[in-house]
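This report concerns only the one structure given below.
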Amino acid sequence: MNISIEETHHFEVAINDIFHYIVTQYFSTLYLVCIIVSRDTKFKPFLFDIHSFIFHYDQRSGTIKNYQHGIDMGCQAFIIANEVFEIFLENFYELHDMSTQVYSNKHVIVYSDVSQSKSKIDDEVLRNPAINDLPNILFMNYNENSQIFNFMTTKFVGPNALCSELWEITSLDLNCFQNFKDHLSTTNLFPIKVKNLHKREIGLAIFNYMPYTIWKEVNETDIEPNSYEISKKTPLLVDGTETWVFIQFCKRINCTLLISLDEAGEWGEIFDNRTGNGIIGAVVERRAEVGVGALYSWYHESIFLSLSKFISRTGVTVITPKPKLRDPIGTPLLPFQFSLWIAVIVSFFILLVSDKLLRIGYIKINDANKDHVIVSFSKIGLNILGIYVLQSVKFKSIKSGMLIFFTTVLILGLLLGNSYSSSLSSVLTIPQYKKAIDTVEELAASGMEWGSTHDAWIFSILLATQPMILQLLSKFRTLSKESLERRAINQDLSFSIERLPYGHYAVGEYITEQTVNNYQTLKNDIYYEMCVAMSTKTWPLMSELDDLILQIFESGVQKYVELDVVLKNTNNKIQLAVERSRHRDAPGPTKLTPLHLSGAFILLGVGLIISAIIFVAEILHKRRNKNRIVSLP
């Protein structure tokens, strides 16, 4: 059949009109439409009044020119000639992963002239893994000779779906339809497939981190599983405040959860070569499509992955060792603070010098007898010390001019002595504790180390510049569970925990019933974060997940989910101990024992030893002087 140039032109106009109708009908809300063709492509669509760009396949380099640039510019839909579709799929993951633009729900139209054998859709191309992330794909095959259009899409849904099967939507014969719009308007060329996935598998990466994500193997004959392990297909029962969201997600869209587990990697880490471990490593390597489990809105991870709407708020704080009882040896020093002791000592020496100067001045002014006025420094010091401890003191006869000075000293001694005595009574009868670490500022100033099993606890503050946060970062330690358990017993380390939004806590397994009572929470958080799910940048179900997350958040049901999960899966004694860690029962007055006065006895012993040493030294010194005098001629 020979077709004239005029007929060919009319047919190309018809094709372009069809493209224009599809784009305006389905892509009107999208930002940019990108057209990818090769030099040999016979027909190149031209979209009027549509924000679009055309990219060409370079046969020499085997790449699509400016393909990456187009994605970065925000290509949300693609119109692709079939002969470059394979190249498009081969580069789809890599280029989208490298892009800063995240729009997972791409729309794709692949068009081909089936009258040319080289333009037929290759089944091998359809089995490319990238097809799994393109539910909104339309294959438009046309035959220029017969002027018949066939519109097809992929199956996408169903268990073990590889999207290799084509599903015919409709066909259009331009010879039969004068107005193709009337026919196409009755058919949805981009049917919504994500509302019912017909048990399609979704790979979810988690690890056992209560109460966020919990899993255990079950026997299908005893308990109905709600998920399966991704490699061995072992039946699992998963639970948790965040895993619960995905259980509801699969109930809504009729999917099956396949769980990717990496207990050793925990939250994981992403390396620059796009490999990793743990939850985020499984997602970035595409061993799972999405991951969840107290994942925060981390900047570094947002470069590699797509972040969902926030599921919940969490506060990161620490539990620190409770203050221990003060050593009774220091009991005599406890009534006064350090600054007050300094003031007492300074005032003692000031009075000592002032007394001596007043006496010397009194002699010069009144020409008095030295023997009645001059007193040694040691005598003056003992007199002032006697006044301080409310003892009677005998003064040598002095004139009334110095009475004001001694009256002032007596008043000062009265105030200091009574203050010390009353405070000492409290110290002896009420237990005295060492200074506690109550705030983040005090934790940083104390220099105490804090830590956990993974660096994820500090990912959110790695870029901080505040000196206090930098000090905390320098003291963070990543240790094994065994080391953490040992240090929890030794009480020489603070442990990071999370405050959940409705009053519960995420506490590591290394904190046991035996050690938790030795710790208390801080009054404030080091920082707070928003917990999200992380997926590949091309995962097409992210918008559906976001919708569910927002609806759950609006409903307030998470409060009851959190309570239910915590009661069923966590150690409630530990939860209660952490909650009440800052509340202490008043012990009441305590009976005095010799141990309470050990400080005073030690002080007496030190004084006796020093005085004995000085006494012996004086005797030896006197004997030496006596022998020296006798030996003189």
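Points worth noting:
- Average accessible surface area per residue within the chain, 1.4 Å rolling probe, Å²: 53 Å²
- Reach of Lys434 by Cα under 19 Å, taken over aspartates and glutamates that are not fewer than 8 positions away in the same chain: Asp327, Glu442, Glu449, Asp492, Asp585
- Counted residue by residue at 0.36 nm each, then reduced by the alpha carbon distance between them, the extension gain from Arg486 to Thr170 reaches 106.9 nm.
- Separation in nanometres of the label points that stand 7 Å from Cα toward Cβ, at Glu220 and Lys394: 10.4 nm
- Helix-only CD estimate at 222 nm, as mean residue ellipticity for the chain, using -39500 (n - 2.57) per DSSP H run (n ≥ 4): -12000 deg cm²/dmol
- With the simple spin-label model, which puts each label point 7 Å out from Cα in the Cβ direction, the Asn16 to Leu424 separation comes to 10.5 nm.
- Neighbourhood charge, 14 Å Cβ-Cβ cut-off, centred on Ser260 and excluding it, Lys, Arg +1 and Asp, Glu -1: -3
- Segment 445-502, accessible surface, carbon-and-sulfur percent (1.4 angstrom probe): 54 percent
- Relative contact order, percent, the chain [alpha-carbon distance under 8 Å, six or more residues apart]: 14 percent
- Above-threshold pairs, the threshold being 19 Å between Cα atoms, out of Lys199/Lys251; Lys322/Lys568; Lys155/Lys181; Lys106/Lys233; Lys324/Lys435: Lys322/Lys568; Lys155/Lys181; Lys106/Lys233
- Most simply put, segment 185-330 has about 45% antiparallel DSSP beta bridges, counting only bridges with both residues inside it.
- Among Leu257, Ser297, Phe336 - extreme Cα towards positive end, dipole of the chain, charges at beta-carbon: Phe336
- Nearest-0.05 FRET efficiency for Lys434 and His621, computed from C-beta distance (R0 25 Å): 0.05
- Cα gyration tensor, segment 448-575 - rounded (a/c under 1.5), prolate or oblate: oblate
- Environment charge of Phe615, counting only residues whose C-beta is closer than 14 Å and scoring Lys/Arg +1, Asp/Glu -1: +1
- Bridge orientation summary for the chain: considering DSSP beta bridges with both residues in this region, about 55 percent are antiparallel.
- For percent of Cα pairs over 41 Å apart, the value calculated from this model appears in (i) 26; (ii) 53; (iii) 30 under label (ii).
- Separation between Cα centres of segment 471-544 and segment 287-359, rounded to whole Å: 19 Å
- Straight Cα distances below 24 angstrom link Lys356 to the lysines Lys364, Lys370, Lys379, Lys394, Lys396, Lys399, with same-chain residues fewer than 8 positions distant left out.
- Charge dipole (the chain, unit charges on Cβ, about Cα centre) - positive-most of Ile384, Ala488, His107: Ile384
- Charge sum, other residues only, whose C-beta stays under 11 Å from Ile303's C-beta, Lys/Arg counted +1 and Asp/Glu -1: -1
The values are calculated or read from the model by the stated rules, or taken from the named source; none is laboratory data. Note that the structure is a prediction, hence the values are computed from the model and not measured. A quick note on method: Cβ atoms are made from the backbone with ideal geometry, for glycine too, and the neighbour counts reach across all protein chains shown. Side chains are part of the model used for accessible areas, which takes the heavy atoms of the whole protein and leaves out ligands, DNA and RNA. Shrake-Rupley method; radii C 1.70, N 1.55, O 1.52, S 1.80 Å.
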